[in-house]
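Single-structure report; data block below.
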Amino acid sequence: MTQTISEVLQFIEENNIKFIRLAFCDIFGTMKNISIMPHELERAFACGVAVDAAAVQGFRHMEESDLLLLPDAGTLSILPWRSMEGRVARFYCNIQKPDGSFFCGDSRRILQEAAARCANLGYHCKIGPECEFYLLRTDENGDPTRIPMDNGGYCDISPLDRGENIRREICLTLEDMGILPENSHHEQGPGQNEIDFRCSGALNAADDLLTCKWAVRAIAARNGLYATFLPKPFPGQAGSSMHANLSLYREGENIFADFSASPAAQSFLAGILRRAAEMTVFLNPLANSYRRFADDGAPRRIGWSAVSRQLLVRLPGTQGDRRRMELRSPDPTCNPYLAFALLLQAGLDGIEEGLALPAADTELGVVPATLQQAVQLARSSGFLARCLPEKLLAKYLEGKEEEWRYCQAAQDQALAEQELYYYL
């Protein structure tokens, strides 16, 4: 037993923790968990805790046997929104087969492998997501309505902005969990909010994004509201994005700090632009995601700019260590482990090949206009076939095709998308 695990077990015992949540997500990014009692935690570290692969939609038919959840000791966090009497702690887990071999549907492990490749090349990638969501009123049964909680707009203050106290509660809760929000504000749409995070390592950023969505929903519910991360919940109103800010460090120095003098930073960006269309089905996974692209504010044009927000990537004017590239296409319904892994792999390919970066403000193409187009591009992608396990890629694309057909067959396609995805 490692010292880290010893410290964790001691912490659990000394802090009146009565329930342990072992959290993971399926290949589509849907978060799951199983609870164990504290006396079972040492065994979980040593042997894992079994879950039925066939009962998890994103794992079904990928494995016939049970799978084992192995908690990551470094992800221990108390859930602040649960009662302090009989406290609840959470770990994120890796997933393996009973024989100890790698489970191909473990997207967290896939991101760990991408981060390891990055480290082997002498780099460390930091990612800071910007997470947008809508807060909706609920009915007498606590179910979500389609009525936003307010009619505020971008950076409004109260009384137009009725979400400031909830955002404050969310940010303080996340801080209690060791996650560092940088800022929060009301976004453009009625009831729409945004929380931005300090950049951290890719795996931490993905873990933290899932935690943020969990906390947002829990705190919204505690205030009689419902939080939805649906990319385009209301026609004619702003869509919800998840801009991803990426920076790359070598020997502790941010190579994006002096972008014009850094061939590696330029090649990293060029690699991401080259694969942007192929990756779209993982960055924008819902049929509803492509309604957001129909708006002027959601970029479909592949390219980069230091000024324009109409291209896929923007290099904000911030200088020095805080300089980064901002990828503007993803939305918050993506599986962050797969999304970040693919971004890393594409950028590192660019560095290894010394890929030249096209001139700023040059349009290099467009991302797919529909989920169907995104699936078709992904099926023909040698890059995705190389970076993702064959079974995972096939199962993921099969699921997306089924979603597309379901929505297309509906009499009211927009309503079908919302009903299918409203709880995401």
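Side notes on the structure shown:
- Of all residues making up segment 301-325, the number that are open to solvent by 70 Å² or more (accessible area, probe 1.4 Å) and within 19 Å of V367 (Cβ to Cβ): 3
Yes/no matrix, rows are residues, columns are (1) modelled with pLDDT of 90 or more; (2) small (G, A, S):
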site	(1), (2)
S35	yes, yes
P38	yes, no
E42	yes, no
A46	yes, yes
V51	yes, no
G58	no, yes
E64	no, no
L69	yes, no
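- Contacts under 9 angstrom Cβ, first residue in segment 14-33 being polar (S, T, N, Q), partner outside any strand (DSSP E or B), 6 or more apart: N16/M84; N16/E85; N16/G86; T30/V56; T30/Q57; T30/G58; T30/N335; T30/L424
For every residue, the table says whether it meets (1) hydroxyl-bearing (S, T, Y); (2) outside any helix (DSSP H, G or I); (3) under 24 Å from P233 (Cα atoms); (4) touching a strand residue (DSSP E or B) at 6+ places or on another chain (Cβ under 6 Å).
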| residue | (1), (2), (3), (4) |
| --- | --- |
| P129 | no, yes, yes, yes |
| F133 | no, yes, yes, yes |
| T145 | yes, yes, yes, yes |
| L174 | no, no, no, yes |
| I179 | no, yes, no, no |
| N204 | no, no, no, no |
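- One residue from G142, G163, G152, G191 being crowded, with 17+ Cβ neighbours inside 10 Å, under 25 Å from A416 (Cα atoms) and not polar (S, T, N, Q): G191
- If the condition is being part of a loop (DSSP other than H, G, I, E, B) and in contact with a helix residue (DSSP H, G or I) (Cβ under 6 Å, 6 or more places away or on another chain), then segment 326-353 contributes S329, P330, D331, C334, N335.
- Qualifying residue in segment 249-257 (condition: open to solvent by 10 Å² or more (accessible area, probe 1.4 Å), among the aliphatic types (A, V, I, L, M) and closer than 15 Å to P330 by Cβ): no
- Near pairs, Cβ below 7 angstrom, 6+ apart or cross-chain, from segment 252-281 (basic (K, R)) to any residue that is at pLDDT 95 or above and open to solvent by 30 Å² or more (accessible area, probe 1.4 Å): R274/L355
- Filter pass, R379 being open to solvent by less than 40 Å² (accessible area, probe 1.4 Å), among the basic types (K, R) and either farther than 19 Å from D26 by Cα or touching a residue at least 12 places away in the same chain (Cβ under 8 Å) (or both): no
The values are calculated or read from the model by the stated rules, or taken from the named source; none is laboratory data. In this text, all values refer to a predicted model and were calculated from it rather than measured experimentally. Neighbour counts are summed over all protein chains in view; Cβ atoms, including those assigned to glycine, are modelled from backbone coordinates with ideal geometry. Please note that ligands, DNA and RNA were not included when accessible areas were found on the heavy atoms of the full protein model with its side chains. Shrake-Rupley method; radii C 1.70, N 1.55, O 1.52, S 1.80 Å.
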